[in-house]
Amino acid sequence: MLKAVTSSDWNEQRAAHLLNRAGFGGTPGEIEKLVELGPEKAVESLVYFERIPDSTSNPSWAQPDPERVAEFKAMRDAPEQKRKELRKREQQKERERVQELRYWWLQRMAFGPRPLQEKLTLFWHGHFATSVQKVKSAYYMWRQNDIFRTYGSGNWLELLNAISKDPAMLVWLDQAQSRKEHPNENFAREVMELFTLGEGHYTEKDITEAARAFTGWSLDRVNQEFIYRPRLHDTGTKTVLGRTGALTGDDVLQTITANPQSAKFITHKLWAFFAGEHSTNELDEALAATFRAGGNNFRPFLRTLFLSEEFYSPEIIRQQVKSPVQWLVGSVRCLERDLPPAPICINALRTLGQDLLMPPNVKGWDGGLSWITTNNLLNRYNYINYLVLGENPLAPPAGKKNRMKLRKRLAHGAKVDADKLFPESLRADKTKLLAAMQKRLLQGELTEAHQSAARAFLESEGDLDDVDILQAIRLIMSTPEYQLT
């Protein structure tokens, strides 16, 4: 199991697959660079991303706010009408910051220098699913996002410690309210069930005992950071997963991550995210063994995963449904265009079912085929009209009678440079043009029926101008094949 691919097995299809799964896809030129590197160097260029400088600046408000306490005190002490006005202003400020945060992150995913770092951040956001709807703080959500970025490729215990003491998580799972008189089991239960072990690998007694161990972990709302409050901690003897003593929260997390089931649980989820649902018990055991052998560190595990023959099997390549984020960011990258304005991006993801910073529940998004419903598929096709042609996402595609209006509008500056993607030299031979379109947009081929439809469209247009090219791009991106990666 997990035999590494060799240079003789390395090709354009596999390089494209690596970039699609370990990142958000790319251009033919970016894929060709990975081909030239060979499998080991290609994987390492993505996995060892800290070697690549990242000058992206954080949002201006992404830091503790020393004026926050005074502002809330003034709000509390103000007359009722004034208090309502101040609260409304504060809520509006938070909404604007949350929108800015979502767009800031999308920009990093689309154009940042470290695609795997952002892909891991997206994975951990779905795994430790936390919603701003309850947290109600853009700063806390940014801080959690940064934890995923900082610790997401490192050590399992260090990541778990960091996220367990994260202000957003303390609020989300009510740990900040837990005390020895009334231990809150919310956090302890989710840590075992959803984050580390899975159902059936702990007892209710483990939950109640762990909840006692976590008492004292709280939130300093003034300084907006984790704080340990000894007087709230239960110092008594506890037994969790077979370990007995005056256990603390740190002891519980250490015990959990040392459990072989924890390695099996988290590596299975990582495989499902990066590779797909095709996993056997034998493969799960091999993945977990690799993870444990690497000291429960994610980077060497990911290197092995992305180099493994299993990762490049026919059952894996181009068999995963794109998440809305993968779909949007990948579309922008392969079209070599800017992200649409923030309101359109955010509304698109919400409409398509993946509202960043607001997962549907503590389990996160289901993924896979759940992304594709009749309505969601139609919405993807509508948004493609906007990405490619700049048309209203809710309007029908332009027919021949509207083609002149479209040409005039595109003359004033199209968002997609058709000539850059498919220059004049390609357009004379429509067979070669269609092959180039499939290579850029799909890194694969359309079905025979869809190839015939695309070829018929190109042949019907005679000499092709930029509008014809953009219409052909829209046609290919509005196929079921484009929804897979």
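Only residues that are within 17 Å of LEU160 (Cβ to Cβ) and assigned to a loop (DSSP other than H, G, I, E, B) were counted in region 270-304, giving 3.
There is no residue in region 49-70 that is in contact with a Pro (Cβ under 8 Å, 6 or more places away or on another chain), farther than 30 Å from LEU305 by Cα and of a type in the set (S, T, N, Q).
Within region 421-458, the residues that satisfy the criterion of being part of a helix (DSSP H, G or I) and under 21 Å from VAL332 (Cα atoms) are LEU421, LEU433, LEU434, ALA435, ALA436, MET437, GLN438, LYS439, ARG440, LEU441.
Of the residues that sit in region 224-279 and are touching a strand residue (DSSP E or B) at 6+ places or on another chain (Cβ under 6 Å) and within 30 Å of ALA70 (Cβ to Cβ), which one is surrounded by the fewest Cβ atoms within 10 Å (Cβ to Cβ)? Spell out how you get there, then give the answer.
Taking region 224-279 first, the residues touching a strand residue (DSSP E or B) at 6+ places or on another chain (Cβ under 6 Å) are 227, 229, 232, 247, 249, 252, 255.
Adding the requirement that they be within 30 Å of ALA70 (Cβ to Cβ) leaves 227, 229, 232.
Values: ILE227: 16, ARG229: 14, LEU232: 16.
Only one residue tops the list, namely ARG229.
Need at least 2 residues that are within 29 Å of the chain's Cα centre (by Cα) and in the same structural domain as HIS201 (by TED's automatic domain parsing) per element, so show me which strands (runs of 3 or more DSSP E) inside region 218-269 make the cut, counting only ones lying wholly within it. Spell out the reasoning first.
On the way: elements: 225-228, 238-240, 243-245.
Counting at least 2 such residues, we get 225-228.
Hey, among SER45, SER57, which residue is modelled with pLDDT of 95 or more, among the hydroxyl-bearing types (Ser, Thr, Tyr) and out of contact with any helix residue (DSSP H, G or I) (no Cβ under 8 Å at 6 or more places or on another chain)? Explain how you work it out, then say what you get.
Numbers: SER45 fails: out of contact with any helix residue (DSSP H, G or I) (no Cβ under 8 Å at 6 or more places or on another chain).
Of the residues listed, the single one that is modelled with pLDDT of 95 or more, among the hydroxyl-bearing types (Ser, Thr, Tyr) and out of contact with any helix residue (DSSP H, G or I) (no Cβ under 8 Å at 6 or more places or on another chain) is SER57.
Might you check whether a residue that is modelled with pLDDT under 95, over 30 Å from GLN483 (Cα atoms) and under 24 Å from the mean Cα position of the chain (by Cα) occurs anywhere in region 63-79? I'd like the intermediate steps shown before the answer.
Taking region 63-79 first, the residues modelled with pLDDT under 95 are 63-79.
When the remaining residues are screened for being over 30 Å from GLN483 (Cα atoms), the result is 63-79.
Pick out the ones that are also under 24 Å from the mean Cα position of the chain (by Cα) and you get 63.
There is at least one residue in region 63-79 that is modelled with pLDDT under 95, over 30 Å from GLN483 (Cα atoms) and under 24 Å from the mean Cα position of the chain (by Cα).
Taking every residue in region 59-85 that is in a loop (DSSP other than H, G, I, E, B) and among the polar types (S, T, N, Q) and pairing it with any residue that is at pLDDT 85 or above and surrounded by 13 or more Cβ atoms within 10 Å (Cβ to Cβ), at least 6 positions away or on another chain, the pairs with Cβ-Cβ distances below 8 Å are GLN63/TYR139. Across region 289-317, the number of residues qualifying as surrounded by fewer than 21 Cβ atoms within 10 Å (Cβ to Cβ) and of a type in the set (A, V, I, L, M, F, W, C) comes to 3. No other residue among LYS408, LYS415, LYS401 is part of a loop (DSSP other than H, G, I, E, B) and modelled with pLDDT under 95 apart from LYS415.
The values are calculated or read from the model by the stated rules, or taken from the named source; none is laboratory data. As the structure is a prediction and not an experimental result, all values here were calculated from the model. Methodologically, a virtual Cβ is constructed for each residue, glycine included, from the backbone with ideal geometry; neighbour enumeration extends over all protein chains shown.
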